[in-house]
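Let me begin by presenting the structure, written as structure tokens, before commenting on it.
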Amino acid sequence: MKEKLRKIQDIEILENVDIKEYTTFKISCKVRYLIKPKNESSLRDVIKILKTESIRYKVIGKGSNLIFVSSTFDGVLISLDSFNNLKIEEEKVIVGAGYSLMKLAFETANLGLSGLEFASGIPGSVGGSLINNAGAYGSDMASVVIAAKVLTKDDEIKRFTKEELKFCYRSSYLQYKSDFICLEVEFQLEKKNKEEILEIIKKRREKRWEAQPLEYPSAGSVFRNPKEKSAWELIDALGFKGKKIGNAEVSQKHANFIINRGNATGKDVKKLILEIKEAVKKEYNIDLIYEQEFVE
Ligand SMILES: Cc1cc2nc3c(=O)[nH]c(=O)nc-3n(C[C@H](O)[C@H](O)[C@H](O)COP(=O)(O)OP(=O)(O)OC[C@H]3O[C@@H](n4cnc5c(N)ncnc54)[C@H](O)[C@@H]3O)c2cc1C
């Protein structure tokens, strides 16, 4: 496989990588190959080889929603970091899937474009955020996305409209299609007063720093909020704050965050998450749904 991959132009192949450096949780996990295609054509060539050789692969964005459970990942990771084209025409923005959503939020705000204020504290890529319909403060990707360019499982490049993307709370059609890859996203923003947009962003960032343990590595909120109550309230009421397994700890600041206190392992984090889920089910008969994703 390696020889075949090496023949592809415009890719970077990293070998024996610790994925710790590529995720916000900073959990160690060894990966044999991390491949960075530089354009659509090389991405398609990589996928074709991996499929022909029946090798498991997974695309990663900024790794801000992932928990690598084991100490090794048996497959190939594909990073779209190089898919970072950006085109802004009036209120329309077209941006590569690998682009940082946070960076985009600041850049558009500075141009007086409103719509991505919610995203200024979300450390994901544009592609990963589309897949998860990332959101905050009553807004989300669905509120501003008009379409996405996608590489389908049949090696076709197709434009999916907002309707076809079927956004729901923290989810989209593509979340259930692991062999579809988001290449580019189109946003419709709105011209507004730049100072007002920047002020909203500033206030929200202050609020985040007050409420969330951003000084520690994590993957953000562990569970989606059920309709009955916020997940953090349920977890807090059961006394989980400060509960530790190894170096994975339920944050004292925000009960729906698990933080990495040092060399937490994916297994520690998973164990803690399952313990919380079980306790909430037992006490409240509520099935908490994961917001984060276990990569096994
Ligand atoms: C401190 C902190 C705060 C957070 N706050 C929020 C918040 O307020 N709201 C919120 O919604 N989330 C939040 N998150 C979670 C996370 O940032 C979002 O879910 C983000 O959108 C994930 O993007 P990513 O690029 O990191 O995706 P990753 O974690 O890398 O991947 C997520 C999933 O998307 C897939 N994927 C990634 N890119 C592509 C692509 N181009 N094509 C196809 N599949 C792809 C991956 O295979 C994986 O299944 C927070 C996380 C942290 C650490």
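Bear in mind that the values in this text are calculations on the coordinates, not laboratory data. This is a predicted model, so every value here is computed, not measured. Note that we place each Cβ from the backbone using ideal geometry, even for glycine, and neighbour counts take in every protein chain shown.
The tail of the calculated P(r) for the stretch 163-296, taken as Cα-Cα distances beyond 18 Å, holds 64 percent of the pairs. Legend: residue pairs Lys62/Lys162; Lys177/Lys282; Lys2/Lys267, Cα-Cα distance threshold 28 Å; pairs beyond threshold, Lys177/Lys282; Lys2/Lys267.
Computed extension gain for Thr161 through Lys282, at 0.36 nm per residue and net of the alpha carbon distance, reaches 39.4 nm. Ordering Ile11, Pro123, Phe294 by the projection of their Cα atoms onto the charge dipole of the chain, which places +1 on the Cβ of Lys and Arg and -1 on the Cβ of Asp and Glu, puts Phe294 at the extreme positive end.
When the charge dipole of the stretch 231-295 is built from unit charges on Cβ atoms (+1 for Lys and Arg, -1 for Asp and Glu) and taken about the Cα centre, the candidate among Ala264, Gln252, Val280 whose Cα reaches farthest toward its positive end is Ala264. Which one, Ser100, Ser218, Ser41, has the greatest fluctuation when you compute a Gaussian network model over the chain with C-alpha springs under 10 angstrom? Comparing Ser100, Ser218, Ser41 in a Gaussian network model of the chain, the most mobile one is Ser41. Within the listed set Pro213, Pro226, Pro123, the residue fluctuating most in the Gaussian network model of the chain (springs between alpha-carbon atoms under 10 angstrom) is Pro226. Only Lys, Arg, Asp and Glu carry charge here, each on its Cβ (+1 for the first two, -1 for the last two); on that basis the stretch 140-296 has a dipole of about 380 debye about its Cα centre. In the chain the Cα-Cα distances spread across 5 Å bins starting at 0 as 1, 5, 12, 15, 17, 16, 14, 11, 6, 3, 0, 0 percent of all pairs.
Dividing the mean sequence gap of close Cα pairs (under 8 Å, 6+ apart) by how many residues the stretch 2-79 holds gives a relative contact order of 36 percent. May I ask for log10 I(q)/I(0) of the stretch 127-216 at q = 0.12, 0.18, 0.19, 0.20 Å⁻¹, from a Debye sum over the Cα atoms as equal point scatterers with solvent left out? These q points yield log10 I(q)/I(0) values of -0.48, -0.86, -0.91, -0.96. Taking +1 at the Cβ of each Lys and Arg and -1 at the Cβ of each Asp and Glu, which of Cys168, Trp209, Cys182 sits farthest along the dipole of the chain towards its positive end, judged by Cα position relative to the Cα centre? The listed residue farthest towards the positive side: Trp209. The charge dipole of the stretch 231-295, taken about its Cα centre with unit charges on the Cβ atoms of Lys, Arg (+1), Asp and Glu (-1) only, comes to about 280 debye.
For the stretch 131-278, relative contact order (Cα pairs under 8 Å, six or more residues apart, normalised by length) works out to 17 percent. The relative contact order of the stretch 231-295, computed from alpha carbon pairs under 8 Å that lie at least 6 residues apart in sequence, is 26 percent. Ranked by how many other Cβ atoms sit within 10 Å of their own Cβ, fewest first, the residues Thr161, Thr265, Thr23 fall in the order Thr161, Thr265, Thr23. Charging the Cβ of each Asp and Glu at -1 and of each Lys and Arg at +1, and nothing else, the dipole of the chain about its Cα centre rounds to 580 debye. Residues whose amide H falls under 5 Å from that of Val59, counting only those 5 or more places apart or on a different chain, are Ile78, with hydrogens built in the peptide plane. If eta is 1.567 mPa s and T is 4 °C, what Stokes-Einstein diffusion coefficient results for the stretch 231-295, Kirkwood Rh from Cα pairs, in µm²/s? Taking Rh from Cα pairs, D becomes 110 µm²/s.
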